[in-house]
Amino acid sequence: MSFRHILVLGGTTEARELAAVLAAHPGVRVTTSLAGRVSRPGAVAGDVRVGGFGGADGLAAWLRAEHVGTVVDATHPFAVSITANAVRAARATGVPAVVLRRPGWRPEPGDRWHEAASLDDAAVLLPDLGPSVLLTTGRLGLAAFAHLTDLRFVVRCVEAPEPPMPPRTEVLLARGPFTVPGETDLLRGHRIDVLVTKDSGGTATAPKLTAARRLGLPVVVVRRPALPEGVEAVPDVRSVLERLGLDDRTT
Ligand code: NAP
């Protein structure tokens, strides 16, 4: 039997969900690719490969060598390079590509959001918003805040961050999904004045926004980077399946 090989560029909840659905199709071989940033990634259905491809050319070579029929970029909205590489490799090889991007968050009544174009912009806003900051933008990029020596930071991330980072930093290692009561306790317990987040979207990490709203706290939201020119993303796993002409056999 010949298999239709689908490469899922992963590292997100949606990628894991998609792999589970694709693996349930008898005629499909699914391979999920992970960057290898997380030392203990959760279980993924189907095949898994770990580590970079060596840029767009390396990815194109992999698509050819592994006879990939479709590549699905289901990476995080802030993972700019791999998405650009996926689009370039797909164009170079003629392999169809689908980009999955979960929708961004929208402010609700009572939210006190401050939009920032980047982590550097977020750092500019912080001194006016309060001395105690909960930073949930991931373990990379903390250098943008390292000069803020007067502020106290609680950095929550999945894996331990590396310096440079602000001198007054407490690190909390935790992986979502989180809950509104849990996030409320965190914000209260650490006497947080302001929350900083990327506009990651999705439900797993959204409770911090609800908790901040209920406590009346300001939130600095870092806007998403743009998609590569000419690319239109689909918003969910169901839309990817439609593009692939497959149904969901796991429900
Ligand atoms: P990035 O800046 O776009 O990628 C940097 C390089 O890492 C890429 O050029 C590629 O190396 C490699 N890479 C990234 N994702 C890969 C994947 N799924 N499979 C194989 N190689 C991959 O990415 P990032 O922001 O560091 O994110 C890395 C991974 O973590 C992504 O898979 C993403 O879904 C996940 N993630 C990111 C964030 C975030 O905030 N950025 C949050 C949660 C999860 P080569 O050029 O050598 O191929």
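Coordinate-derived values only; no laboratory data. If you're wondering where the values come from, they're calculated on a predicted model, not measured in any experiment. Backbone-built Cβ (ideal geometry, glycine too); neighbour counts: all protein chains shown.
Answer yes or no as to whether THR184 is hydroxyl-bearing (Ser, Thr, Tyr), outside any loop (DSSP other than H, G, I, E, B) and in contact with a helix residue (DSSP H, G or I) (Cβ under 6 Å, 6 or more places away or on another chain). It is true that THR184 is hydroxyl-bearing (Ser, Thr, Tyr), outside any loop (DSSP other than H, G, I, E, B) and in contact with a helix residue (DSSP H, G or I) (Cβ under 6 Å, 6 or more places away or on another chain).
Looking only at residues of the stretch 28-49 that are touching a strand residue (DSSP E or B) at 6+ places or on another chain (Cβ under 6 Å) and of a type in the set (Gly, Ala, Ser), we find that the one that is nearest to ARG249 (Cα to Cα) is GLY46. Taking ARG191, is it under 15 Å from the mean Cα position of the chain (by Cα), among the basic types (Lys, Arg) and surrounded by fewer than 17 Cβ atoms within 10 Å (Cβ to Cβ)? It is false that ARG191 is under 15 Å from the mean Cα position of the chain (by Cα), among the basic types (Lys, Arg) and surrounded by fewer than 17 Cβ atoms within 10 Å (Cβ to Cβ).
Can you spot a residue in the stretch 122-133 that is of a type in the set (A, V, I, L, M, F, W, C), within 16 Å of the ligand (Cβ to nearest atom) and either touching a Gly at 6+ places or on another chain (Cβ under 9 Å) or not in a helix (DSSP H, G or I) (or both)? No: the stretch 122-133 contains no residue that is of a type in the set (A, V, I, L, M, F, W, C), within 16 Å of the ligand (Cβ to nearest atom) and either touching a Gly at 6+ places or on another chain (Cβ under 9 Å) or not in a helix (DSSP H, G or I) (or both).
The single residue among ALA212, ALA226, ALA233 that is buried (at least 18 other Cβ atoms within 10 Å of the Cβ) and more than 13 Å from the chain's Cα centre (by Cα) turns out to be ALA212.
Scanning the stretch 1-10 for residues that are within 19 Å of the chain's Cα centre (by Cα) and outside any loop (DSSP other than H, G, I, E, B) yields LEU7, VAL8, LEU9.
Taking the listed residues GLY104, GLY141, the one that is under 17 Å from the mean Cα position of the chain (by Cα), within 15 Å of SER200 (Cβ to Cβ) and free of Cβ contacts under 8 Å to residues at least 40 places away in the same chain is GLY141, with no other qualifying.
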